[in-house]
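Each reported figure results from applying straightforward, stated rules to the coordinates on display, with no laboratory input. Since the structure is predicted, the reported quantities are computational estimates derived from the model, not experimental observations. All Cβ positions, glycine included, derive from the backbone under ideal geometry; neighbour counts span all protein chains shown.
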Amino acid sequence: MLMKYTPSNYAQILYETGDVKKFLKLLENHWVLPWLPKILEHFQEIVRKEQKVISVKVMSAHPLAEALKKEIETLIRREEGRSTEIDYVIDTDILGGFRIVSDDMVIAGSLADRLTSLFV
């Protein structure tokens with residue numbers, strides 16, 4: 001009988017065993033090899049949690065200037081007090097400004113956020 005696993009379960013198995021060749025064979029035997037991208041996302045979450053690294057996403061309508069990126073990175077690292085991985089994402093729905101999202105916080109500083117708060 002084949003047990004039902006989620007991509008997160010498979011990521012945990014990979015983390016615990018560390019044997020990639022056997023792991024890929026396991027995925028093939030369970031007919032879930034197409035899940036590999038999702039499993040790797042979960043694997044990265046497990047590793048970040050183990051290493052106490054926080055993942056932060058900075059979303060803006062347009063690319064941010066390097067000086068502003070450095071200022072944001074300094075503020076985030078000072079606030080979090082631990083290692084961070086910062087990913088910059090272009091999101092045209094933001095309209096202007098930026099939004100910062102991490103595991104523990106959301107800083108809603110976009111024009112879209114401000115407009116929404118006016119009507120709520």
Which shape class, rounded, prolate or oblate, goes with segment 48-90 when its Cα gyration tensor gives a ≥ b ≥ c as root eigenvalues, a/c under 1.5 marks rounded, and past that a/b bigger than b/c marks prolate?
oblate
Reachable lysines, given that their alpha-carbon falls under 20 Å from the alpha-carbon of Lys70 and they are not under 8 places away in the same chain:
Lys57
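Over the chain, what is the relative contact order in percent, taking alpha-carbon pairs closer than 8 angstrom and at least six residues apart?
Numbers: 135 pairs, mean separation 27.4, N = 120.
With pairs under 8 Å counted, the relative contact order is 23 percent.
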For Asp103, Asp91, what's the fewest-to-most ordering of other Cβ within 10 Å of each Cβ?
Asp103, Asp91
Run the quick spin-label model on Asn29 and Glu73: label points 7 Å from Cα toward the beta carbon, then report their separation in nm to one decimal.
4.4
What share of the DSSP beta bridges in the chain is antiparallel, in percent to the nearest 5?
60
Could you work out the mean projected area of the convex hull around the alpha carbons of the chain, in square nanometres to one decimal?
10.5
Taking a spot 7 Å from the Cα of Val53 along the direction of its beta carbon, which residues of segment 82-111 have an amide N less than 19 Å from it?
82-89, 101-105
